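Here is the structure we will look at.
Just so it is clear, none of the values below were taken in a lab; they were calculated from the coordinates. These numbers were taken from a predicted model, which means no experiment stands behind them. Glycine also receives a Cβ, built like all others from the backbone with ideal geometry; neighbour counts cover every protein chain displayed.
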Amino acid sequence: MNNQVFAQVMNTLAERRRQNEREEERRRAEVIAKCPEIGQVMDTRREAVMKSVYSAFALPAEEDLPQKVEAWNARIRQLLVENGYPENYLEPVFQCALCEDTGYVGTGKKQLCTCAKALYAALLEQDGSFKEEETFETFDPRRFPETALDAGGETQRGRMLKFRDYCEKYADSLPHPEKKNLLLYGGSGLGKTFLLRCIHARARQRDIPALCLTANQLIRIARKAIFDRAQEDLDALYETDLLLIDDLGTEPLIPNVTVEELFNLINERQNAGLCTVLSTNLSLTDLQARYTERILSRLLDKRACQVLRFLGKDIR
Ligand SMILES: [Zn+2]
């Protein structure tokens, strides 16, 4: 089992439990606003239970408290139904009835719940682009020609070595590199994806929570979150310390999804101080035409983003 992916499963479940609590709170407020008597019965019930807890050692416990609590509960259920709610509307909320969103089932020796296993598998699948052999250690500069890129005499190999050093330093200073974002752009077959995966591999070696996916997979996950209410996979992309998005520009442009989701993701991750690496074959002009000036200026904010421009001959 991959520890980083497992940690993300547990984070996602913890976030689910927080969501559940917010939903319970929201339901209480909603119901009480509509039917104040429910609020009163809940207050009476809570006071009686608290009093009995505090006085349990000093006074004889109120013997009929359980009967009273059951009567209050019945009254609350009745009022809920009368007001058009299901009678269990104020009971604890959870998505998985087996583990109540704890991720574990069973007493004594605990076992992973099926929902946690499914989450784990989904995260691993998302992470499928990971290849063990693509690391800084296996980077071979000889694959890049010694041809000059410009009049200044910089060669393609020289530039790749510079970029490798930058990316390695970036990966080694995670989760707090000097600049949180990294954009790798330029034509295909120039080593962008390779370096992106090297960063991913190093992050894993250093136990930095990281997710790597293509822009196409990203949009699939966003669409699923919107239309199938499957929010947890998308949440993981907002929360992981390092997110690597390969091949930006090859995903479908779905109205109200692609551009909006990318902006939110980049913006929120930036606000949260999280690190994002993107690679694209598009030029900066094409990027702006596709994603709007708003996204690009947010993404390329000079204080937050390092841009590496790949040039030269396709080596594939
Ligand atoms: Zn479960």
Checklist outcome for this item: The residues MET42, MET10, MET160, MET50, sorted from fewest to most surrounding Cβ atoms within 10 Å, come out as MET50, MET10, MET42, MET160
Checklist entry - For segment 272-277, what does the Karplus curve 6.51 cos²θ - 1.76 cosθ + 1.60, with θ = phi - 60°, yield as ³J(HN,Hα) per residue in whole Hz, taken in order and with x for Gly and Pro? => result 7, x, 8, 9, 9, 10
Checklist entry - If we count other beta carbons within 10 Å of each Cβ, what is the order of THR276, THR102, fewest first? => result THR102, THR276
Checklist entry - Check THR276: other-chain or 5+ apart residues with amide H under 5 Å from its amide H, H built from backbone geometry? => result ASN181, LEU182, LEU243
Checklist entry - Applying the Karplus parametrisation 6.51 cos²θ - 1.76 cosθ + 1.60 with θ = phi - 60° to the phi angles of segment 174-184, what ³J(HN,Hα) value in whole Hz is obtained for each residue in order, glycine and proline being reported as x? => result 4, x, 10, x, 4, 10, 6, 10, 9, 10, 9
Next on the checklist: For the chain, give me every cysteine whose Cβ has no other Cys Cβ within less than 4.7 Å, ordered by residue number.
Outcome noted: CYS35, CYS167, CYS198, CYS212, CYS275, CYS305
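Could you tell me which of rounded, prolate or oblate describes the chain, using a ≥ b ≥ c as the square roots of the eigenvalues of the alpha-carbon gyration tensor, with rounded for a/c under 1.5 and, failing that, prolate when a/b is larger than b/c and oblate otherwise? Before the final figure, lay out each step's value.
Numbers: a/c = 3.31, a/b = 2.51, b/c = 1.32.
Here the chain falls in the prolate category.
Where does the chain land at 222 nm, in deg cm²/dmol rounded to the nearest 500, when only DSSP H runs of n ≥ 4 count, each adding -39500 (n - 2.57), divided by all residues?
-17500 deg cm²/dmol
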Next on the checklist: With the cut-off at 20 Å, tell me which of the pairs LYS110/LYS224; LYS169/LYS302; LYS162/LYS192; LYS192/LYS313 have Cα atoms farther apart than that.
Outcome noted: LYS110/LYS224
Checklist entry - In sequence order, what are the phi-derived ³J(HN,Hα) couplings for segment 142-149 according to the Karplus relation 6.51 cos²θ - 1.76 cosθ + 1.60 with θ = phi - 60°, rounded to whole Hz, with x for glycine and proline? => result 5, 5, 9, x, 8, 7, 6, 8
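Using Cβ contacts closer than 10 Å as the measure, can you line up LEU274, LEU242, LEU161 from fewest to most?
Values: LEU274 18, LEU242 26, LEU161 14.
Arranged by neighbour count, lowest to highest, LEU274, LEU242, LEU161 become LEU161, LEU274, LEU242.
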Checklist entry - Cα to Cα, under 24 Å, and not fewer than 8 places away if on the same chain: which lysines meet these conditions relative to LYS51? => result LYS68
